[in-house]
Amino acid sequence: MPHNPGPDSFTPVTLSEKAVAEIRAIVQRKAIPEGYGLRVGVRGGGCGVSFILGFDRPKESDLTYSIQNITVCIDKKHLLFLAGKQVDFYEGEEGRGFVFVEQPREKV
């Protein structure tokens with residue numbers, strides 16, 4: 001069973017408002033089944049990694065987080081690569097899609 005770190009724990013990734021809106025639209029449009037979450041991860045290694053997003057059932061090796069009422073699944077092995085990232089949604093002349101950016105820092 002996946003591990004849920006709890007409400008007061010560190011969340012390695014955040015979701016922008018645009019990303020949340022698009023994720024919810026996809027869940028509706030594609031009829032993502034109950035029990036699935038947003039998988040955030042990496043692929044590759046060595047010279048670099050690619051960030052991946054998709055919908056999947058939580059796995060034994062996952063940590064699960066609830067971010068703005070969206071279940072987010074992250075394999076424990078991917079945490080180092082994802083810490084401090086924000087999933088955003090970009091729409092522009094070049095196209096549209098999800099992007100990973102550094103989390104905005106809170107102003108003190």
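The rows are residues; the columns are (1) of a type in the set (S, T, N, Q); (2) within 13 Å of the chain's Cα centre (by Cα); (3) not in a helix (DSSP H, G or I).
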residue	(1), (2), (3)
20	no, yes, no
23	no, yes, no
40	no, yes, yes
55	no, yes, yes
73	no, yes, yes
79	no, yes, no
104	no, no, yes
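When only residues in the stretch 13-61 that are in contact with a helix residue (DSSP H, G or I) (Cβ under 8 Å, 6 or more places away or on another chain) and closer than 17 Å to residue 99 by Cβ count, which is surrounded by the fewest Cβ atoms within 10 Å (Cβ to Cβ)? Spell out how you get there, then give the answer.
Of the residues in the stretch 13-61, the ones in contact with a helix residue (DSSP H, G or I) (Cβ under 8 Å, 6 or more places away or on another chain) are 13, 15, 32, 38, 40-42, 49, 51, 55, 61.
Checking which are closer than 17 Å to residue 99 by Cβ leaves us with 13, 15, 38, 40-42, 49, 51.
Numbers: 13: 21, 15: 22, 38: 23, 40: 24, 41: 20, 42: 20, 49: 14, 51: 18.
If we take residues in the stretch 13-61 being in contact with a helix residue (DSSP H, G or I) (Cβ under 8 Å, 6 or more places away or on another chain) and closer than 17 Å to residue 99 by Cβ, then 49 is surrounded by the fewest Cβ atoms within 10 Å (Cβ to Cβ).
Among the residues of the stretch 21-29, are any out of contact with any Leu (no Cβ under 8 Å at 6 or more places or on another chain) and at pLDDT below 95?
So far as the stretch 21-29 goes, no, none of its residues is out of contact with any Leu (no Cβ under 8 Å at 6 or more places or on another chain) and at pLDDT below 95.
If the requirement is being over 21 Å from residue 10 (Cβ atoms) and touching a residue at least 12 places away in the same chain (Cβ under 8 Å), which of these qualifies: 35, 84, 48, 97?
35
With respect to residue 66, is the statement that it is more than 11 Å from the chain's Cα centre (by Cα), over 19 Å from residue 30 (Cβ atoms) and not in a loop (DSSP other than H, G, I, E, B) true?
no
Being under 19 Å from residue 48 (Cβ atoms) and out of contact with any Pro (no Cβ under 8 Å at 6 or more places or on another chain) is the filter; apply it to the stretch 62-96 and report the residue that is surrounded by the most Cβ atoms within 10 Å (Cβ to Cβ).
Applying the filter and picking the extreme gives 87.
The values are calculated or read from the model by the stated rules, or taken from the named source; none is laboratory data. Remember, it's a predicted structure, so these values are computed and weren't measured experimentally. Backbone-built Cβ (ideal geometry, glycine too); neighbour counts: all protein chains shown.
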